[in-house]
Every structure is written in C-alpha cells, then in structure tokens.
Amino acid sequence: MSIKIPIANINQPLSRNIVKQMASGGFLPVIALEAFVEGGRTYQAYQRGGFDEARERITEEFSGAVFWLGGVKGLNWIFEKIGQKINKLPKHVVDIASDDVRRPLNNYLAQETTKTGDKILRSTMAKFKFTKVISSVILANAFIGFALPKINQAITRSYHKNKTVNNVPENTAIQPPHPTFDDFIKKDKNDKQKEVSFNGINYLAIANKFESNRNYQLLSVDVGTAGGRTYSARNNDERVEIGFRDISSIYFYMFNMSNMNKWLNKIEQKGIGTRLDPQSAEFATRYMENYLETIRGKKVNVEQFAKDLLGSDTALPESLAARFKGKGAKITSLKAFNEELEKLGFTTAQVKKYKKLAQKMSELQPKLKGVPIITEAQARDVLNGGHINNPEFLREFFKNRFGTKFMEKYQYVSQNELDAVKKELLDYVKSIIAKARKTDAQEVTMQLLRKASNNNLKLNALNWGAGFATSALFLSTLIPKMQYLITKMRTGSDAFPGTAQYQEQEKKAAA
C-alpha cells in the first residue's frame, strides 16, 4: 500500500516559512537585521550628533544596505542580460559551479551552441563570468565606499554653506590634507594593470563564489565598504570610528546567527549542531502521519517504525561499490548500476524492483552530458529500502527545500547541501524513535509525531531568534556606543567628528 506524499510548499503556516528563511543562509535574515540596525544606529547618532549625524547615518545605512544586499546580485543579473545579447555567449543563464553529481556548464557546452550556431568555448565563459562578477563587486564597492560618503558629506555641507564664522565662510576652514575620490580615480587610471589570464578553471571557481554564494557577495562588498568609507572620512577621528564600526560589524552580520544556532543545537541535541528546518520537518511529519494512518492504524511499535522508515543499514556489495568513482559524491551510470545488479544473485522480482527505484533515483539529478547517473548513497538507499529513502518522497522533500533547481541541467545545487539536508531528516526521524523508546508504551503515535514537529519549530525559532537578537543588540546599540567611547577617549569630546568643525564655528559665531 502506497503512502500519500505531501505536495511541496503547500499549506505550510507562515510562522514555519519565516523561521525556515531565517535558517536558510539567504538574504532575508540579513534584511530583517538591517531594519533594526538602521533604526538603532540612527537613534544613537541623533543622541550624540543631533540632526546632522542622524541624517548622515540613515542616508548611509539605507542607501548602503540596498547596494550591500543587492548590489552584486543585481549587477550580476544586469550583466547576464547584456551577455545574452552577445553572439558568442549563452542564450540562457548557466550556473558555473560543479561537483561530481551536477555540472551545468559541462552540460551546456556539450549540448548547446551560440545564437549563431557556433560552439561555446569554455575560455569565453571564463572570461565573461569572471569579468562580470569582478565588475559587479567593483561597482558596488565604488558606490558604497566612495560615492555615497562623498554624497553624504556634500549634503551636510549644503546645510551649513550659508553660515560664517567671523566673516569667514565655513568652507574655507583649514582641513587636513586628504585625497579626494577624483584623486583616487586618476591614480587608479595611472597604475599599471597586470594582465589577467583566463587559461585556468580557477577563474570559473572564483566567479562562481561571487555569483552564487551570499557570504562571498556580502563580504566582498564589506571589504570595499570598510576600506572606502575609511579612505573617504573627513578626518582621522571619523576614520577610526568608521574602521572600528565596519570591521566589528562583519561578524554580527555574517556569522553570529549561524554560530549561535549551532552552539545551542549542540547543547540541546547532545553534540549535533544542525537541525531540520521547520518547513521540512512539517513536510516529513505529514508523510509519517500518512504512513501511520494508511498502514499502521495511527500507532505502531517503535521498532517496527524504525524498520519501516529507515530500512536496513547494510553496506553495498563489494563489486557494486567498486563501480562508484569520484572525489566527493561517488557516482556511476545508471546503466552500470543495473548491469551489476543482475550479477549479485538477487531474484528476478528484486532486480526489477531495484531497477525501478534506481531509475527514479537517477531523476533526482540532471543527466551528465545526456547520461543518467546514480550516487553511491542513492544506491545504498535503493537496496536498503525504508520510507524516507523512497525516491518519490525525496523528490518532493528536496523540492520543499530547494524548489526544482536541484533537478535542472543548467542550474546548480551542491550535492553536499542535499546530503546535509538528508542527514538532518535522518536525525529528525531518529530523534522521534529515541523519544518513543522512552515512553512506557514503546509506540510511535500521531500525537508523538505532532509534538516532535511543534518542538522542532519552537527550538528553531528560539535558537535563530537568540542569534538574531544578539546581532541586533550589538549592531544597533553596543557597537555605536563603543565607537563613540573610542572617540571620547581619543579627543575628550562627545561631538560627532564628522561635523565637529561646524559645531565649533557655530559656537564661536554665537559667542
């Protein structure tokens, strides 16, 4: 009797989706965090430097956030659209990341041509992708690190341009020597540029990191932002403040939430640092509820549950294991797997069953240059059985987490990510088994499954929420207070160093 498989991403409560997004490593948690940061830093700035500093801070934070969060990604998209108009480049966006299981660029180069019917060269793709991402990073950094500070400073000057001190216009105040953005551009043009070689695959690897990895995109802009803002500061006191603020903020923007989640998970799960996200946990729970209701009458002995869900746990026969080759996720062709099956002494019915499962397993990843493949882990799942190893369930389970991208031949999802989520699923099922073994009845019931899903949601929300709150506190309040303290220790003044000259002039004028 077959078990009804839930439909991916259907009828999931909003609360689970929000917590899932917080745990996804995507942009949503950073965007949500940025809202708190802008409010907190603007308030702290107003408390110290009044309107001038508050206005500069909200302008800088909001405009900078737009380019920090979406600059590299948005510019990548624009350059891809431009690239699609060039005859020698692909008509579609092609991911360039690869592993043993998914190689979208290889698939594209083997099967597609340019708009004029010519073969697309790997070196051409390397040049385009590398140039595109580096240009995106440079443009995003140039705006946040150089253009935006100059715009911000010009706006502040405009508020004070009509004020004078002792009949001397404020814009004649003596300033310490400091290079301008124009000087930087002129110097950059005069510098000798080393020729970039595109002969190696490393350039594709570099391009991939900046094209598809959120942390690389954000950190690449962080480096330019911290350097550019420090370079563009109006004086050394402001320069120290900006350097401290931007550098100390990186950890709390990028790493604190995931680290705290990992540490709390290890405490709660006796050393296991990862946890299935709440949407995936609910999806798996509904599948297990359907299993209980359809096959076991709404409750089952825990040992029978473990056997039904997990299957057996035996190693592949040596001759079959020898078929799998690869540095990471070992693979073989579906044809080779089926040929070996027929030599292993299985019954005709077993071979037929395993071939059918293997065919469905091979559809969980695109063909490699037209050849269907199967991984070593998938081969074990085929032979071991178990409801959570059912390829039809896994297809919907992965779609619930990744959409359909993991099955697309010109797109990329790391097999390591898929394997990690599968392990989280396995740990989730094992945790239910462990809880059932502690009960007097030694049974898995509908109530136990529902309680496990709800507990997963609560702990995910607690752990990610704790990391979010800690990051928000440091970024919005504690780091600004520490940067102000540094300035006070250096200068003996609580004044905003960026506009200290205006405040001094206005005091003299009032006197």
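A few notes on this one:
- For segment 360-404 versus segment 246-269, the spacing of their alpha-carbon centroids is 32 Å.
- For the chain, the mean residue ellipticity at 222 nm estimated from helices alone is -21000 deg cm²/dmol, where every DSSP H run of n ≥ 4 contributes -39500 (n - 2.57) and the total is divided by all residues, rounded to the nearest 500.
- Local electrostatic count, Asn460, Cβ distance below 10 Å [Lys/Arg +1, Asp/Glu -1]: +3
- The residues Tyr291, Tyr251, sorted by heavy-atom accessible surface at 1.4 Å with ligands and nucleic acids left out, run Tyr251, Tyr291 from largest to smallest.
- For segment 305-447: Kirkwood Rh in Å [reciprocal of mean 1/r, alpha carbons]: 16.4 Å
- Shape of segment 247-332, Cα gyration tensor, a/c cut at 1.5: oblate
- Cα gyration tensor shape for segment 358-511, rounded if a/c is under 1.5, else prolate or oblate: oblate
- Pairs from Lys422/Lys458; Lys73/Lys127; Lys343/Lys430; Lys327/Lys356; Lys262/Lys353; Lys81/Lys399 whose Cα-Cα separation, in the structure shown, is over 30 Å: Lys343/Lys430; Lys262/Lys353
- Listed peptides 272-283, 86-97, 150-161, 217-228 by packing density, highest first (mean Cβ within 10 Å): 272-283, 217-228, 86-97, 150-161
- Our summary of shape: the Cα atoms of the chain have principal axis extents of 101, 65, 34 Å, ordered from largest down, in whole angstrom.
- Dipole orientation for the chain: of the candidates Gly243, Gly326, Val19, Gly326 has the Cα lying most toward the positive pole (charges on Cβ; Lys, Arg +1; Asp, Glu -1).
- R0 of 51 Å, Cβ-Cβ distance Ser2-Thr274: FRET efficiency to nearest 0.05: 0.95
- Global geometry of segment 338-394, whether rounded, prolate or oblate, following the gyration tensor of its Cα atoms and the 1.5 cut on a/c: oblate
- Relative to the longest principal axis of the Cα atoms of the chain, the long axis of helix 148-160 makes an angle of roughly 30 degrees.
- Full-stretch length increase - Lys262, Leu121 - with 0.36 nm per residue and alpha-carbon distance subtracted: 46.5 nm
- Cα-Cα P(r), segment 319-367, percent of pairs per 5 Å interval: 5, 20, 29, 26, 15, 6, 1
- The slack between Ile250 and Val66, meaning 0.36 nm per residue of separation minus the straight C-alpha distance, is 64.6 nm.
- Fully extending the segment from Thr59 to Gln47, taken as 0.36 nm per residue of separation minus the present Cα-Cα distance, adds 2.7 nm.
- Part-to-part distance (alpha-carbon centres) for segment 316-347 and segment 131-163, which is given in Å: 59 Å
- Label-point separation, Ala32 to Lys367 (7 Å along Cα→Cβ), nm: 4.2 nm
The values are calculated or read from the model by the stated rules, or taken from the named source; none is laboratory data. This structure is a prediction, so every number in the text was calculated from the model and none was measured. Heads up, the Cβs are rebuilt from the backbone with ideal geometry, glycines too, and the neighbour counts pull from every protein chain shown. All accessible areas refer to the heavy atoms of the entire protein, side chains included, with ligands and DNA or RNA removed. Shrake-Rupley method; radii C 1.70, N 1.55, O 1.52, S 1.80 Å.
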